[in-house]
Structures are given as C-alpha cells and as structure tokens.
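One structure below.
The values are calculated or read from the model by the stated rules, or taken from the named source; none is laboratory data. This one's a predicted model, so the numbers in the text were calculated from it and none came from an experiment. Please note: Cβ atoms are built from the backbone with ideal geometry, for glycine as well, and neighbour counts cover all protein chains shown.
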Amino acid sequence: MHPIENNDNRHFHRIHFAGEASLNCEEKTWSCEIIDLSLKGCLLRFTAPWEENLEKLYTLTLHLSEDTQIKMDLTATHVVDNKVGFKCEHIDIDSISTLRRLVELNLGDSSLLERDLLALSE
C-alpha cells in the first residue's frame, strides 16, 4: 500500500490497498479490486462493466486479516466502464479506527491524517 502521488487539491489522502474486498447490495455480492481508498470513499475495479443501480446503498467489506475487517456503506458517485467511485455514507467506529490507522501508516505523517479527519468532520 502506497500513498498516491497527485498534484490536485483533494481533501482526503488516498492510499492503494491490495487485499480481498467484496461489495454487496441486497442479495448480490461482487468481488472487486480496490484501486484506492480514503476516509471519504474508494475507487473500485470490477471484472465487468458496472451496470448496477447507482442510487442504491452498497456495503464494502475489506478483509485485512482473519480477525480484522473494514466495512463501509457506500453510494456510487461515478462510473467509467468497470471502475466505480464510491462515497462513504456510513462507517462503524471499529472500522473507522482500523481505516484511520491504515491511512496513518501509509501516509507516514500524522498531521496529514489530522487534516483528513478535520475535512471529514466539515
């Protein structure tokens, strides 16, 4: 996992994440690849073009280890072929704590994480 270098004015730092992830909605589940991840959302890649309902609430589960996972409730914000950007609508306290630590470790600078958390609260 590495921070993404970019020169735009994003409010949240994004990190690469390599690991098992699944997205589900109602009775459907999709395996997906996380392109990048932040406290505010994620960009996912699927094996086929995304043709699902953009207005539904989806749940992303990131499997970090047998005992540790991050769950986020998401809504789709944009679709380009098989890549879909999602906005985090809800995340539980355990998941946000784990994600915060993951972001902090990848940024290597706690002041950058504090800036992200401040932007999240606004």
Check your understanding: Is it fair to say H16 is modelled with pLDDT under 60 and in contact with a strand residue (DSSP E or B) (Cβ under 8 Å, 6 or more places away or on another chain)?
Key -> yes
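Rundown of residues vs (1) at pLDDT below 95; (2) of a type in the set (K, R); (3) assigned to a loop (DSSP other than H, G, I, E, B); (4) crowded, with 16+ Cβ neighbours inside 10 Å, yes/no style:
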site	(1), (2), (3), (4)
C42	yes, no, no, yes
L62	yes, no, no, yes
S65	yes, no, yes, no
A76	no, no, no, yes
Practice item. Among the residues of region 44-60, count how many are closer than 13 Å to K83 by Cβ and assigned to a strand (DSSP E or B). Key: 2
